[in-house]
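Trainee: Handing you a structure now.
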Amino acid sequence: MSNLDIHHTTLLGPDGHPLAPLPAEFANHETIRDLYRHMVLARTFDAKAVALHGSGRLGTYASLLGQEAVGVGIGHVMRPEDVLVPSFREHAAQLRRGVRPEELYLYWGGDERGSAFAGPTQDFPVSATVGGHAPHAAGVALAFKLRGEARVAVCVFGDGATSKGDVYEAMNVAGLWQLPVVFIVTNNQWALSTPRREQTAATTLAQKAVAAGFEGEQVDGNDVIAVAKVVGEALAHARSGNGPRLIECLTYRLADHTTVDDAARYRDESEVTPWWEKDPIARVRLYLSATAGWSDQQEKALLDECGTLIERAAEAYLATPPQGPEAMFDHLYGKLPADLAAQRDEVVAATKNRADG
Amino acid sequence: MSNLDIHHTTLLGPDGHPLAPLPAEFANHETIRDLYRHMVLARTFDAKAVALHGSGRLGTYASLLGQEAVGVGIGHVMRPEDVLVPSFREHAAQLRRGVRPEELYLYWGGDERGSAFAGPTQDFPVSATVGGHAPHAAGVALAFKLRGEARVAVCVFGDGATSKGDVYEAMNVAGLWQLPVVFIVTNNQWALSTPRREQTAATTLAQKAVAAGFEGEQVDGNDVIAVAKVVGEALAHARSGNGPRLIECLTYRLADHTTVDDAARYRDESEVTPWWEKDPIARVRLYLSATAGWSDQQEKALLDECGTLIERAAEAYLATPPQGPEAMFDHLYGKLPADLAAQRDEVVAATKNRADG
Amino acid sequence: MAEHTLLEAVNLALRRALGDDDRVLVFGEDVGVGGGVFRATQGLMQAFGPKRVFDTPLAETLIAGMAIGLAAQGFRPVAEIQFMGFIYSTLDQLINHASRLRTRTRGRLTCPMVLRAPYGGGVHAPEHHSESTEALFAHVPGLRVVIPSSPKMAYGLLLSAIRDPDPVVFLEPKRLYRAAKEAFEDDGEGAPLDRCLVRREGNDCTLVSWGASMKETLAAAAQLAEKGVESDVIDVCTLKPLDVTTIVESVARSGRLVIVHEAARTAGFGAEIAARVADVGLYHLRAPIMRVTGYDTVMPLSRLERHYMPNAARIQAAVERSLASD
Amino acid sequence: MAEHTLLEAVNLALRRALGDDDRVLVFGEDVGVGGGVFRATQGLMQAFGPKRVFDTPLAETLIAGMAIGLAAQGFRPVAEIQFMGFIYSTLDQLINHASRLRTRTRGRLTCPMVLRAPYGGGVHAPEHHSESTEALFAHVPGLRVVIPSSPKMAYGLLLSAIRDPDPVVFLEPKRLYRAAKEAFEDDGEGAPLDRCLVRREGNDCTLVSWGASMKETLAAAAQLAEKGVESDVIDVCTLKPLDVTTIVESVARSGRLVIVHEAARTAGFGAEIAARVADVGLYHLRAPIMRVTGYDTVMPLSRLERHYMPNAARIQAAVERSLASD
Ligand SMILES: Cc1ncc(C[n+]2csc(CCOP(=O)(O)OP(=O)(O)O)c2C)c(N)n1
Ligand SMILES: Cc1ncc(C[n+]2csc(CCOP(=O)(O)OP(=O)(O)O)c2C)c(N)n1
Ligand SMILES: [Mg+2]
Ligand SMILES: [Mg+2]
């Protein structure tokens, strides 16, 4: 048991130099620019969300600053017909899958309509309960398997979630039935104020898969190319009926846990700084500059494009009138039971009174 | 990850021949006779329980036929001050720890007083919920650690229980905090009608510990000496502050799941027969005959002794008058709340009416 | 028309649902080859194959959570929890996920799943195998809670539960599994999921119960009738949503309400019925609303369980107290 | 005498308990260095060291289950669940183990643990962070359920909960955490765990509430007083055991009962209070028992939450309807 051998992949170093020739599918600049664009978009989305919260126009929000490569890498290799079952910090993957930024703002702004995605209509909404979504992913994957569909469920959760029994139960059944599901741990080193080392004595989180009888591996979660490659392989593996994989993406939560948290209370800035040097976005820019002549002008154009797109989304979000209070009842059941119709009338009446009064 | 190396121990072969010289502490016949006696006692207890159920004088009962070595091995090496946190099929360990057979009959006969052990007063009652007791064992072990006591909690559960998230959560925290707890899987190959291979794709159950960052190993669960040795080492390891271990005891449930089950519905007799050849009791008798001149007379004397002891226990059990119905309220709270006193009176009155009527 | 036990009715309904609709899946611990500890799923795996009817690992949270994933994907999972005592680890999934998937996604994803579990005491089962905690589920918005008390009802209600577009907790009174046979047609006809059933009529008192304690309630009503006291006996069937109209109409005639359930009294579902009647039906009441229930104690092990559960004598006594008040 | 918020009161009580009794342990997710997401445990780890106050892995079932093991060994664990929305996976441990360890072993092992959790809406929290499901716990025999609504009560009740020999679920209305300050002595005095608190007196109506909705209830009573309607306002404090005597005595005077809670109405704890009064207090009632509650819907996300929660206007309207009936 001592010689446990967990594979680790990094392709692009923090300085933007490939550590080895990139795999064929990433050797073209178009793909890298696309990955880069989505990471910049995610960061722009994120900054705007934090700003909206700051000005009281968004609820508590969980920033993904520093983790953009994980979500973009996942989103890049998933197919439209695959299903994402995300945690609450996977905005980058959601955006890359076609969830609209204004939908995400609506959700984080406290409106259920934010989870009525127009894009990936079978993707799950975020799971605000840590780990509770892992069994759903197993169920979705079982649905694919039973129907003989070449689709994969992708379940993403944090390092903290790996301590939860429901995550273990889901992995165990996935291994048992060789379900087409890929489990991805966004190991950002922190679960709120609890550091990774206080979650488990397991040397890696990837080895959690050993208990479930399948393979786990690690990848540099700040290297979008590595993430895309490793997750892509896992998807192919699962899609062809070979069962699940667990991928631990090593990254870092550069931001506070949420916009109502203050990480300074529990972690030292000196721990954070080195991770800025591993910024997933900077390293791709360096790579593009060095290999594809990515210019300041192109950079500015991209930032402008993303800025405009996100500003428009924020405007669309802010312009969305709230649902009427009776909306509480609109999707509670397929058909509203009679005694609830009376409660619905109560709500409507109470609101009228308020409006009148 | 492929070269996972799980240690396996057998000391005494099914034919009663040691596979290697026995460890010093088992080289004396006294010890072996003691282990033998407790296995015979457990089997006698078990047969009587099944008989009592058959004649309608005991509730549904979970037989441990074939698994005697696991419990006796555990009980042999635990110290009185250690705490056993057992599943519902660990009568052998309980008896060896000093729980009285009449107490166990009372419990299985539907009387709470059966769990008010006079012997090991800090041991937990059986857990009828599969796996629910594992976190208790972690808590008990944490208590020992916090008080700096050289004591160990021993948590025993079945192969089925290893699929449960609460068991995983308990193992994870035990690994993290290096708690003095030993987890023991009685892998009897079946969880009710579900075979071991349908619980998990993990090649061994011992490797479940890898996810929790500590060592797991396998032992021949029908070899009481091997069980005692391996569990004894784990206890010593835990007692000296080196943290938990997981021990998978490979054995077989020779009986139906419980006295209301009929295993013939789901498993073939041909699977069962070979396991009778690995009978944990027979192999020790063969060993004692060969090495210590264990005679038919001694054998008969032992059977008589155990038979008498168990008959007495059964009589004591059968002679125990039921608690009065108000006993429902006796230990509900430290101090009975006022509104419950009224309910208590209701029960007493209802019973009087019945007695009168 | 063949006669069936409640247990057979469950099996027939599952069989019918599996046959009618490819999306229906039946799974849980030991429901496949084993056919379920009570044999509710007997023969189904053999008839429909292991892709439709299958065993899961021993993990209740997983069972409920996986059902949600399957349901969101358009399947109609019918999952079994072996005993109600092991259902509590599914509550996180039921409360936080199943009951609100439709709400959270404004109908984009839905959760047409059924979680079946035998419940209740009276069969001298081991520890943790005899509880009645239906009230917990009835408090959860977005769920339906259904409890049959006769074979015919079990058949019709289970079919409707499986066809319902929302999550249903379906609780089966194990004491009644083999208690009686009833003749009904295996015609695929569902029963309404929002209506009480009047099992007996009479104007002197209203008796309300469901599931496991219906037998005692009906027995009490029969004994009372011999003494000339005629009762309405209302079987709630669907705790959520509650058909309070039928109950209040009866109380309007009788002026007396006795509620019977096996669960612990405090915050049991009887409280909700009492509360509704004490609101919309208060002026009809000629006597205090009485509850005959399990006590607020841990369900005792088998030797004392009969003292815990409501019996016909306790119910009769309550009705007599009600009649004596005015 | 210093003034404290409810949050500070919780912190003071924990600090006092830790200081008084070596057996007291405080643990949960992020309660150590982090001091808790609401800062309820701020400074405790620093003051008492990481053997007395510590973080656990992210695993609620474990937290509850480990508390049971510690309690059985003589410790007095005070465990925190970060939000009530994450408490459901502890229910298996609470129902099957904590609440019945004493009963099962006839007092040989006991379970003096406290499970604390912030609950309720009104702070624009994210999804799953605003629910009120106290009724679930109040149904479980062997548990105590305690909910303070003022700083002084929080202090006294929490101390008593920690000293109590049985498991207590202690729910803290997060909306009131910093809503107001109250002066009280940090004197280690516990408050009784079996008594309602009369927060205001008046003979025209009885208003009963607890925790998160006490503020609105008191506001409604004050507004009604301006119109000449004087109400008893009863703070239930301990849902389990329920002090029904204080409530019935009040209803005997007022003849009217309005129950207010933030939880969903159906099978909420208001139902139990209504049921008790409709039994032992029926003849005092001059009007239907009214419940002003959250609706039987999923607690909406923040944009609509204010429409979900009872407010003073809805409470007043109910009292007026009650006064208009007779
Ligand atoms: C079951 C559950 N317990 C507790 C919480 C409160 N909580 C929200 S996020 C969080 C930490 C999660 O850490 P991790 O899984 O590493 O994800 P990250 O926040 O780093 O993305 C906690 C404790 C929750 N949402 N759900
Ligand atoms: C949580 C829970 N789920 C289901 C059951 C019903 N049940 C009782 S024993 C059993 C099988 C247990 O198998 P295993 O863990 O291997 O123990 P064994 O019976 O072999 O001793 C099941 C499913 C239970 N008691 N608890
Ligand atoms: Mg994290
Ligand atoms: Mg087994």
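Bear in mind these aren't lab numbers, they're just calculated from the coordinates by the rules spelled out. Quantities reported herein were computed from a predicted structural model and do not represent experimental measurements. All Cβ positions, even for glycine, are placed from backbone atoms using ideal geometry, and neighbour counts span all protein chains on display.
Trainee: Is there a simple number for the mean count of other chain Cβ atoms within 10 Å of the Cβ of residues in B:211-219, and what is it?
Mentor: 4
Trainee: Could you tell me what percent of the DSSP beta bridges with both partners in the protein assembly as shown are antiparallel, to the nearest 5?
Mentor: Here the antiparallel bridges make up roughly 15 percent for the protein assembly as shown.
Trainee: Further question: Can you list, shortest first and in nm, the gaps between the label point of residue D:39 and those of its counterparts in the other copies, using a point 7 Å from Cα in the C-beta direction?
Mentor: 6.5
Trainee: Could I have the simple spin-label model distance between residue B:79 and residue C:223, label points 7 Å from Cα toward Cβ, reported in nm to one decimal?
Mentor: Using points 7 Å along Cα→Cβ, the separation is 5.9 nm.
Trainee: So, one more: Return the aspartates and glutamates within reach of residue C:181: Cα separation strictly under 13 angstrom, same-chain partners fewer than 8 residues apart disregarded; answer none if there are no such residues.
Mentor: Qualifying aspartates and glutamates at Cα under 13 Å: C:3, C:8.
Trainee: Using the Kyte-Doolittle scale, find the helices of chain B whose mean hydropathy is at least 0.0 and whose Cα atoms extend 15 Å or more along the helix's long axis, counting only whole DSSP H runs. Kindly include the intermediate steps, with their values, before the conclusion.
Mentor: Numbers: long enough: B:29-54 (37 Å, -0.17); B:134-147 (20 Å, 0.71); B:165-177 (18 Å, 0.32); B:224-239 (21 Å, 1.16); B:280-292 (17 Å, 0.64); B:296-318 (32 Å, -0.41); B:338-356 (27 Å, -0.61).
Flagged H segments are B:134-147, B:165-177, B:224-239, B:280-292.
Trainee: What do you get for Rg/Rh of chain B when both radii come from the Cα atoms and Rh is the Kirkwood radius? Working shown, then result.
Mentor: Details: Rg = 21.3 Å, Rh = 21.4 Å.
Ratio of gyration radius to Kirkwood radius: 0.99.
Trainee: A further question on this structure: Quick check: net charge around residue B:281, other residues with Cβ under 10 Å of its Cβ, Lys/Arg +1 and Asp/Glu -1?
Mentor: Counting the neighbours of residue B:281, the net charge comes to +1.
Trainee: Could you give the Stokes-Einstein D for the stretch C:252-299 in µm² per second, using the C-alpha Kirkwood radius, 37 °C, 0.692 mPa s? Write out the running numbers ahead of the final one.
Mentor: Working: Rh = 11.2 Å.
Rounded to a whole number, D works out at 294 µm²/s.
Trainee: Right, something else. In A, who owns the beta-carbon nearest the axis carrying A over to B, and how many Å from it?
Mentor: Per the A/B rotation axis, the closest residue of A reads A:165, 1.
Trainee: Report, by chain and number, residues whose modeled amide H sits under 5 Å from the one on residue B:184, excluding near sequence neighbours (fewer than 5 apart, same chain).
Mentor: B:155, B:156, B:157, B:247
Trainee: Let me ask something else. Ranking B:96, B:79, B:57 by Cβ neighbours within 10 Å, fewest first, what do you get? Mind showing how you got there, number by number?
Mentor: Working: B:96 26, B:79 11, B:57 14.
With the fewest neighbours first, B:96, B:79, B:57 line up as B:79, B:57, B:96.
Trainee: Between residue D:32 and residues 5 or more places away or on another chain, which pairs have amide H atoms under 5 Å apart, with H built 1.01 Å from N, and which residues are they?
Mentor: Counting only residues 5 or more places away or on other chains, the set is D:55.
Trainee: I've got another one for you. Do you know the relative contact order of chain B, to the nearest whole percent, from alpha carbon pairs under 8 angstrom that are 6+ apart?
Mentor: Normalised by residue count, the contact order of chain B is 23 percent.
Trainee: Oh, and also: What's the FRET efficiency of residue C:320 with residue D:252 using the Cβ-Cβ distance as r and R₀ = 35 Å, to the nearest 0.05?
Mentor: The calculated FRET efficiency here is 0.85.
Trainee: How far apart, in nm, are two points set 7 Å out from the Cα along the Cα-to-Cβ line at residue B:303 and at residue C:22?
Mentor: Taking the two extended label points, one gets 6.2 nm.
Trainee: About the Cα centre of chain A, what is the dipole size in debye to 20, counting +1 per Lys and Arg Cβ and -1 per Asp and Glu Cβ, all else neutral?
Mentor: On the way: 33 positive and 46 negative charges, 99 e Å.
Charge dipole of chain A: 480 debye, to the nearest 20.
Trainee: Using the Karplus curve 6.51 cos²θ - 1.76 cosθ + 1.60 with θ = phi - 60°, work out ³J(HN,Hα) for each residue of the stretch D:208-222 in order, rounded to whole Hz, and write x for Gly and Pro.
Mentor: 10, 7, 6, x, 4, 9, 5, 4, 5, 5, 5, 4, 4, 4, 5
Trainee: Hey, what angle do you get for helix D:312-324 against the long axis of chain D, alpha-carbon based, 0 to 90 degrees rounded to 10?
Mentor: For D:312-324 against chain D, the angle is about 40 degrees.
Trainee: Just tell me how shielded B:91-98 is by partners: mean number of partner chain Cβ atoms within 10 Å of each residue's Cβ, no decimals.
Mentor: Other-chain Cβ atoms within 10 Å of each residue's Cβ, averaged: 0.
Trainee: Now, a different point. Any idea how many Lys pairs in chain A come in under 23 angstrom at the alpha carbon, given 8 or more places apart or on separate chains?
Mentor: So the count works out to 6.
Trainee: Residues of the stretch A:50-83 with the amide nitrogen closer than 16 Å to a label point 7 Å from the Cα of residue A:273, along Cα-to-Cβ, please.
Mentor: none
Trainee: In whole angstrom, and with the biggest value first, how far do the Cα coordinates of the protein assembly as shown range along each principal axis?
Mentor: Principal extents (largest minus smallest coordinate, Cα): 99, 85, 74 Å.
Trainee: Can you give the helix-only mean residue ellipticity at 222 nm for the protein assembly as shown, where every DSSP H stretch with n ≥ 4 adds -39500 (n - 2.57) and the sum goes over all residues, rounded to the nearest 500 deg cm²/dmol?
Mentor: -12500 deg cm²/dmol, from helical runs alone.
Trainee: Take the alpha carbon atoms of the stretch A:124-265, find their radius of gyration, then divide it by 2.2 N^0.38 Å using N residues; give the quotient.
Mentor: 1.03
Trainee: Using the Karplus curve 6.51 cos²θ - 1.76 cosθ + 1.60 with θ = phi - 60°, what ³J(HN,Hα) values do you get for each residue of the stretch C:227-242, in whole Hz, with x for Gly and Pro?
Mentor: 8, x, 9, 9, 10, 6, 10, 10, 9, 5, 6, 10, 5, 9, x, 8
Trainee: Assuming 1.306 mPa s and 10 °C, estimate D for the stretch A:269-316 with Stokes-Einstein, Rh taken as the Kirkwood radius over Cα pairs, in µm²/s.
Mentor: This corresponds to a translational diffusion coefficient of 125 µm²/s.
Trainee: Could you calculate the FRET efficiency of residue A:203 with residue B:5 from 1/(1 + (r/R0)^6), where r is the beta carbon distance between them and R0 is 25 Å, rounded to 0.05?
Mentor: My answer for the efficiency is 0.95.
Trainee: Next question. Along the stretch B:241-250, what does the Karplus equation 6.51 cos²θ - 1.76 cosθ + 1.60 (θ = phi - 60°) give for ³J(HN,Hα), rounded to whole Hz, x for Gly and Pro?
Mentor: x, 9, x, x, 9, 10, 10, 9, 9, 7
Trainee: Further question on the same structure: Per-residue Cβ counts within 10 Å, from other chains only, averaged over D:72-82: what number is that?
Mentor: Average per residue, whole number: 3.
Trainee: I'd like the orientation of helix D:6-20 relative to chain D: the angle between its Cα long axis and the longest Cα principal axis, in ° from 0 to 90, rounded to 10.
Mentor: 40
Trainee: Going by the alpha-carbon gyration tensor, a ≥ b ≥ c the square roots of its eigenvalues, is chain C rounded (a/c under 1.5) or, if a/c is not under 1.5, prolate (a/b greater than b/c) versus oblate? Let's see the in-between values first.
Mentor: Details: a/c = 1.79, a/b = 1.63, b/c = 1.10.
Since a/c reaches 1.5 and a/b is larger than b/c, the shape of chain C is classed as prolate.
Trainee: Rounded to whole Å, give me the distance from the Cα center of the stretch D:132-165 to that of the stretch C:13-89.
Mentor: After rounding, the separation between the Cα centres reads 38 Å.
Trainee: On C-alpha positions alone, give me the angle between the axis of helix C:269-280 and the longest principal axis of chain C, in degrees, nearest 10.
Mentor: Here the helix axis deviates by roughly 60 degrees.
Trainee: Given a cut-off of under 8 Å on Cα pairs at least six residues apart, what relative contact order in percent is computed for the stretch B:109-222?
Mentor: Relative contact order here is 23 percent.
Trainee: Also, I was wondering about something else. Please report the relative contact order for chain D, taking Cα pairs under 8 Å with a sequence separation of at least 6, and give it as a percent rounded to a whole number.
Mentor: Result for chain D is 16 percent.
Trainee: Can you put D:186, B:111 in order, fewest other beta carbons within 10 Å first?
Mentor: Values: D:186 15, B:111 25.
With the fewest neighbours first, D:186, B:111 line up as D:186, B:111.
Trainee: Taking residue D:226 in one copy and the same position in all the others, each labelled 7 Å out along Cα→Cβ, what are the pairwise distances from the first, in nm, shortest first?
Mentor: Ordered by distance, the counterparts are at 6.5 nm.
Trainee: Return the equivalent ellipsoid semi-axes of the stretch C:3-183 as a descending list in whole Å, where each equals the square root of 5 times an eigenvalue of the C-alpha gyration tensor.
Mentor: Over the Cα atoms of the stretch C:3-183, the ellipsoid semi-axes are 23, 19, 15 Å.
Trainee: Under a plain spin-label model, where a point goes 7 Å from the Cα along Cα-to-Cβ, how far apart in nm are residue C:198 and residue A:335?
Mentor: Output for this residue pair reads 2.3 nm.
Trainee: Further question: Say the dipole of the stretch D:62-171 comes from +1 at the beta carbon of Lys and Arg and -1 at that of Asp and Glu; which of D:157, D:109, D:125 then lies farthest toward its positive end?
Mentor: The residue sitting most towards the positive pole is D:109.
Trainee: Order of C:265, B:100 from fewest to most other C-beta atoms within 10 Å? Could the numbers behind the result be given before it?
Mentor: Details: C:265 23, B:100 17.
With the sparsest Cβ surroundings first, the list reads B:100, C:265.
Trainee: While we're on this one: Taking +1 at the Cβ of each Lys and Arg and -1 at the Cβ of each Asp and Glu, which of C:223, C:275, C:304 sits farthest along the dipole of the stretch C:197-324 towards its positive end, judged by Cα position relative to the Cα centre?
Mentor: The residue sitting most towards the positive pole is C:304.
Trainee: Oh, and also: Amide H to amide H, which residues 5 or more places from residue B:9 or on other chains are under 5 Å from it, using H placed in the peptide plane?
Mentor: When sequence neighbours closer than 5 places are left aside, the close amide H contacts are B:218, B:219, B:220.
Trainee: What is the dipole size for the protein assembly as shown, taken about its Cα centre, with +1 at each Lys and Arg Cβ and -1 at each Asp and Glu Cβ, in debye to the nearest 20?
Mentor: Using Cβ point charges on Lys, Arg, Asp and Glu, the protein assembly as shown gives about 860 debye.
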